[in-house]
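Scroll down for the structure; my scribbles are underneath it.
The values are calculated or read from the model by the stated rules, or taken from the named source; none is laboratory data. All values reported here derive from a predicted model rather than from experimental measurement. Neighbour counts are summed over all protein chains in view; Cβ atoms, including those assigned to glycine, are modelled from backbone coordinates with ideal geometry. To get the accessible areas, we keep the full protein, side chains included, count just its heavy atoms, and leave off ligands, DNA and RNA. Shrake-Rupley method; radii C 1.70, N 1.55, O 1.52, S 1.80 Å.
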Amino acid sequence: MWRVSLYAAAAVALGLAAVDSGIRLENVVARSGLSFYCDSSPTANRNQPETMVSGVALIDYDKDGWLDVYFVNGAALPSLRKESPRYWNRLFHNNRDGTFTDVTEKAGVQGEGYEMGAAVGDYDNDGWPDLFLANVTDNQLYRNNGNGTFSDVTRSAGLLGARLNGRKMWGVAAGWFDMDNDGDLDLFVSNYCVWEVNKDPFCGPNPQTRAYCHPDSYQPLPNTLYRNNGDGTFTDVSRQMGILPHLGKGMGVAFADFDHDGWMDVFVANDNAPNFLFHNRKGKAFAEVAMQMGVAFPESGAFISGMGADFRDLDNDGWEDIWHTAIEGETFPLYRNLGGGRGFEELTHRAGLGHTTRNMSAWSCGAFDLDNDGWRDLVTARGNVQHSLAMLSMRQSEEPLAIFRNLGGNRFADVTEAAGPDAMKPLLRRGLAYGDLDNDGRLDLVTTTLNGRSEHFRNTAAGGNHWILFLLEGVRSNRMGIGARIRITADDGRVQVNHATTSTGYSASSDHRVHFGLGKAASIRTAEITWPSGAKQTLENVKADQILAVREPMPPRRAPAARPAKR
């Protein structure tokens with residue numbers, strides 16, 4: 001009670017006392033049927049992956065305009081195989097009436113090994129979103145066949161996973177982006193640490209009650225970058241593109257063009273190691289610039305447990321900011337983009353997120369507008385990391401969600417309690433993906449719980465604010481328009497920026513449609529779209545409260561060359 005009072009007092013002192021914003025979240029899983037049990041196969045040996053499962057992805061796999069949901073699961077130990085259906089990954093079809101149906105077997109996406117994260121992207125530009133899984137065991141690529149089923153094409157695509165000293169590296173998360181703007185999606189995989197089953201170090205307190213070890217007990221790994229060859233295969237270009245030399249314990253991966261030079265950059269939140277910011281040098285190489293840009297670690301100078309991350313403009317100044325989660329005692333850092341490639345400044349404490357998040361542990365996260373007021377809010381899936389089950393009871397490990405309302409720029413207030421009792425329920429949450437599951441313009445959440453049931457949070461925020469979702473289709477750019485940047489000017493004069501991406505949080509993949517809350521503005525004066533190809537498109541007088549499909553314009557035809565006159 002003393003701790004809660006202290007943080008409440010600090011919030012008041014900063015002028016950030018929580019107000020009832022009208023944000024409401026209701027867990028409707030009992031009637032929606034979106035129920036999934038995450039099974040990490042916990043053992044007395046305290047294998048490190050047992051604490052980290054699992055990811056979740058939103059994917060409109062049948063292209064009916066409604067988001068479906070895919071959950072990633074663990075496997076039996078020590079085999080690291082899905083020995084029974086209890087370990088299957090699960091795909092749920094959106095029935096478009098608020099309910100979901102398990103179609104896992106029909107779709108053929110049960111998975112095979114011990115799996116962690118999911119990434120959605122149309123890698124072959126056939127118009128159907130595909131699914132990549134970052135795993136402890138071999139990674140997997142499921143190609144969408146366009147008929148409700150998927151084919152495992154991992155081996156033929158060359159994506160089983162990079163090896164180090166003969167062992168496949170442990171993948172935690174992944175994301176699709178077009179690194180060279182050639183019109184097809186490339187793949188970035190964040191790898192965690194060197195690990196073998198039942199060979200974790202002994203970290204006390206005694207052989208009968210072993211603890212999970214701190215990340216410092218494990219050796220770091222490089223990340224992996226794959227170039228799309230455009231023929232269904234990929235090439236590992238980690239070395240030649242400058243990714244391989246940098247060792248860390250990769251967790252969340254997020255993409256944005258932070259300096260607006262036309263090339264997508266990569267942020268990786270590292271666990272107890274400096275974060276990475278890979279600056280894209282025109283598709284020819286990447287330079288790791290986190291230290292120079294001020295996002296390697298917080299201003300305290302200490303390494304922290306970077307977990308999930310999102311890369312969005314939080315203060316509506318037109319430049320994408322970085323926010324990521326960590327564990328208790330560390331805070332969740334917020335880095336404001338100074339613009340023009342000048343770097344970032346940490347605003348965690350000034351934004352009201354310092355004292356508030358210091359007593360929290362969180363995994364996946366998202367930066368999106370919950371109440372459609374035109375400012376992106378912050379949401380986390382919380383749960384302790386459980387370094388020692390001997391000293392930490394399950395009840396002490398469980399935590400509620402954390403919802404921080406954007407008060408207009410760089411100030412946030414914790415409104416979790418006001419969001420309703422379902423948000424306050426303490427659990428060991430891990431995954432979180434966000435998107436508009438019922439197409440009502442309000443972004444919903446799906447979360448996973450370590451060795452527990454998933455949650456389907458329907459956003460029931462008070463109405464009255466307007467919104468728009470852009471559904472992009474690339475022509476010269478990749479088909480999903482991943483990386484396209486949209487700048488809108490609403491009829492009230494307010495300007496916002498957002499971009500198309502599916503890579504959010506920790507091991508998660510969110511709605512690929514580009515969302516804007518518009519507040520009281522009922523229309524948009526202009527929407528300026530910059531496609532990855534470099535094409536620019538302007539829409540005028542766009543009505544609010546719709547899902548707007550936008551196709552990239554074809555390049556103008558060249559006039560035929562003049563023929564020489566006949567003699």
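Things worth noting here:
- Separation of the stretch 418-434 and the stretch 39-99, taken as the distance between their Cα centroids, equals 18 angstrom.
- Mean accessible surface per residue for the chain, computed with a 1.4 Å probe while every protein chain stays in place, in Å²: 37
- Cα-based shape type of the stretch 236-299, given that a ≥ b ≥ c are square roots of the gyration tensor eigenvalues and the cut on a/c is 1.5: oblate
- Neighbourhood net charge (10 Å Cβ-Cβ; Lys/Arg +1, Asp/Glu -1) for Pro215: -1
- Residues whose amide H lies under 5 Å from that of Asp436, counting only those 5 or more places away or on a different chain, are Asp444; hydrogens are built 1.01 Å from N in the peptide plane.
- Packing-based order for 76-89, 496-509, using average beta carbon neighbours within 10 Å, highest first: 496-509, 76-89
- Restricting the trypsin sites (Lys or Arg not before Pro) of the stretch 310-372 to loop positions (DSSP other than H, G, I, E, B) with no more than 14 neighbouring Cβ atoms within 10 Å leaves Arg342, Arg350.
- For the stretch 429-481, the pair-distance distribution built from all alpha carbon pairs, in bins 10 Å wide starting at 0, is 21, 34, 30, 15, 1 percent.
- Sparse-neighbourhood loop sites, chymotrypsin sites (Phe, Trp or Tyr not before Pro) in the stretch 172-254 - DSSP loop, at most 13 other Cβ within 10 angstrom: Phe202
- If you wrap the chain in the convex hull of its Cα atoms and look at it from every side, the mean projected area works out to 28.0 nm².
- Table column - 3J(HN,Hα) (Hz), the stretch 178-194, Karplus curve with 6.51, -1.76, 1.60, x for Gly and Pro: 9, 6, 10, 6, 9, x, 10, 7, 9, 10, 10, 10, 8, 9, 9, 8, 6
- By the Cβ distance rule (another cysteine Cβ under 4.7 Å), the unpaired cysteines of the chain are Cys38, Cys193, Cys365.
- Relative contact order %, the stretch 232-287, counting alpha carbon pairs below 8 Å whose residues are six or more apart: 30
- Pairwise centroid distance, computed over Cα atoms, of the stretch 172-218 with the stretch 344-366, Å: 23
- Per-residue 3J(HN,Hα) values for the stretch 369-374, derived from phi via the Karplus relation 6.51 cos²θ - 1.76 cosθ + 1.60 with θ = phi - 60°, read 8, 6, 10, 6, 8, x Hz in sequence order (x marks Gly and Pro).
- These residues, Cys203, Cys365, go from largest to smallest accessible area, 1.4 Å probe, as Cys203, Cys365.
- On the stretch 164-294, 50 percent of the accessible area sits on carbon and sulfur atoms, based on a 1.4 Å probe.
- Cα gyration tensor category, rounded, prolate or oblate, for the stretch 15-136 with a/c compared to 1.5: oblate
- Estimated from helical segments only, the mean residue ellipticity of the chain at 222 nm is -1500 deg cm²/dmol, where each DSSP H run of four or more residues counts as -39500 (n - 2.57).
- The figure for Met264 is an accessible area of roughly 20 square angstrom, using a 1.4 Å probe on the protein chains alone.
- Rel. contact order, % - alpha carbon contacts under 8 angstrom, at least six apart, the chain: 15
- Loop-located GluC sites (Glu not before Pro) in the stretch 303-371 (DSSP state other than H, G, I, E, B) with a sparse environment of at most 16 neighbouring Cβ atoms within 10 Å: Glu328.
- The stretch between Gln292 and Asp102, if pulled fully straight at 0.36 nm per residue, gains 63.7 nm over its current Cα-Cα span.
- When all protein chains stay in place and ligands, DNA and RNA are ignored, the 1.4 Å accessible-area order of His466, His355, largest first, is His355, His466.
- A simple count of charges around Gly108, restricted to other residues whose Cβ falls under 12 Å of its Cβ and scoring Lys, Arg +1 and Asp, Glu -1, yields -1.
- Using the Stokes-Einstein relation with a Kirkwood hydrodynamic radius computed over Cα pairs, the translational diffusion coefficient of the stretch 289-412 at 25 °C and a viscosity of 0.890 mPa s comes to 165 µm²/s.
- With K and R counted +1 and D and E -1, the other residues having a Cβ less than 9 Å from that of Trp375 yield a net charge of -3.
- Rounded, prolate or oblate (a/c below 1.5 giving rounded, otherwise prolate when a/b exceeds b/c) for the stretch 69-210 by Cα gyration tensor: oblate
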